[in-house]
């Protein structure tokens, strides 16, 4: 992921890419550690 961070950021800023196709769930940063397992398990609401 780090390999493409800047390139993806530039595409988003230029309006050539939409991050919504990657983002499957929004939650507070404090909840992120608990979200890893459901995401890895592809539970409903945590995967695209």
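Restricted to the range 18-34, and to residues there that are at pLDDT below 90 and farther than 22 Å from residue 7 by Cα, the residue that is surrounded by the most Cβ atoms within 10 Å (Cβ to Cβ) is 25.
Of all residue pairs spaced 6 or more apart or on separate chains, those with beta-carbon atoms under 8 Å, a first member in the range 26-48 that is free of Cβ contacts under 8 Å to residues at least 40 places away in the same chain and a second member that is exposed (fewer than 10 other Cβ atoms within 10 Å of the Cβ) and not in a loop (DSSP other than H, G, I, E, B) are 48/21. Hey, among the residues in the range 1-17 that are assigned to a loop (DSSP other than H, G, I, E, B) and at pLDDT 85 or above, which one's nearest to the chain's Cα centre (by Cα)? Step by step, filter the range 1-17, then rank; the result is 17.
The values are calculated or read from the model by the stated rules, or taken from the named source; none is laboratory data. Since we're looking at a predicted model, the values are computed, not measured. Cβ sites come from the backbone with ideal geometry, for glycine too, and all protein chains shown count toward neighbours.
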